[in-house]
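One structure is given below, encoded as structure tokens.
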Amino acid sequence: MRTPYEYAIIQAMPRVERGEVINVGVLLYCHRRDFLRARTHLHPDRLRALDPGADVEAVRVALESWERTCTDAGTPSPMTQGERFRWLVAPRSTVLRAGPVHMGLAADPGAELERLLDLLVR
């Protein structure tokens with residue numbers, strides 16, 4: 001049985017003033033399946049194409065924190081999965097941000113997350 005989910009693309013914007021982004025991950029939340037995960041994949045050459053001086057390692061570490069936040073390991077206080085998802089997709093002016101939230105239907109949220117990562121990031 002397919003259940004509804006929400007997802008957002010995680011984007012890197014190394015030079016905020018220019019507004020150029022690359023897709024570096026996907027955040028997927030499925031309330032009915034008790035599922036919240038982020039999967040990331042950074043292409044260093046794409047990041048450097050936008051900013052030759054970009055700190056690739058710092059971006060990589062920041063992406064890992066998004067993945068930890070989904071498991072409640074990186075949040076400042078106990079939060080539900082829904083609260084963590086909304087916190088991660090909230091607008092921000094940082095090198096990493098989430099794009100708009102989209103909806104979908106899937107039987108297996110984990111497999112859908114991998115499909116979206118392949119389609120939108122890799």
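Things worth noting here:
- Residues in the stretch 69-101 that are surrounded by 10 or more Cβ atoms within 10 Å (Cβ to Cβ), at pLDDT below 90, out of contact with any helix residue (DSSP H, G or I) (no Cβ under 8 Å at 6 or more places or on another chain) and of a type outside the set (V, I, T): R92 only.
- Within the stretch 9-23, the only residue that satisfies the criterion of being surrounded by 24 or more Cβ atoms within 10 Å (Cβ to Cβ) and more than 12 Å from A49 (Cβ to Cβ) is I10.
- Of the residues making up the stretch 38-60, those that are in a loop (DSSP other than H, G, I, E, B), over 17 Å from the mean Cα position of the chain (by Cα) and among the aliphatic types (A, V, I, L, M) number 1.
- Residues of the stretch 87-120 that turn out to be within 13 Å of Y5 (Cα to Cα) and either of a type outside the set (D, E, K, R) or free of Cβ contacts under 8 Å to residues at least 40 places away in the same chain (or both), as a count: 13
- Per-region count, the stretch 3-20, residues at pLDDT 95 or above and part of a loop (DSSP other than H, G, I, E, B): 0
- Filtered by the rule that a residue be surrounded by fewer than 20 Cβ atoms within 10 Å (Cβ to Cβ), in contact with a Phe, Trp or Tyr (Cβ under 9 Å, 6 or more places away or on another chain) and of a type outside the set (D, E, K, R), the stretch 24-46 gives H31, F35.
- Residues of the stretch 77-86 satisfying the condition of being under 16 Å from R32 (Cα atoms) and either in contact (Cβ under 8 Å) with a residue 60 or more places away in the chain or polar (S, T, N, Q) (or both): T80, Q81, F85
- Residue list for the stretch 61-83, restricted to those being within 16 Å of the chain's Cα centre (by Cα) and among the aliphatic types (A, V, I, L, M): V61, A62, L63, A73
- If you go through the stretch 94-118 and keep only what is over 10 Å from L27 (Cα atoms) and either in contact with a Pro (Cβ under 8 Å, 6 or more places away or on another chain) or assigned to a helix (DSSP H, G or I) (or both), you end up with V95, R97, M103, G104, L105, P109, G110, A111, E112, E114, R115, D118.
The values are calculated or read from the model by the stated rules, or taken from the named source; none is laboratory data. Not measured: the values here are computed from a predicted model. All Cβ positions, even for glycine, are placed from backbone atoms using ideal geometry, and neighbour counts span all protein chains on display.
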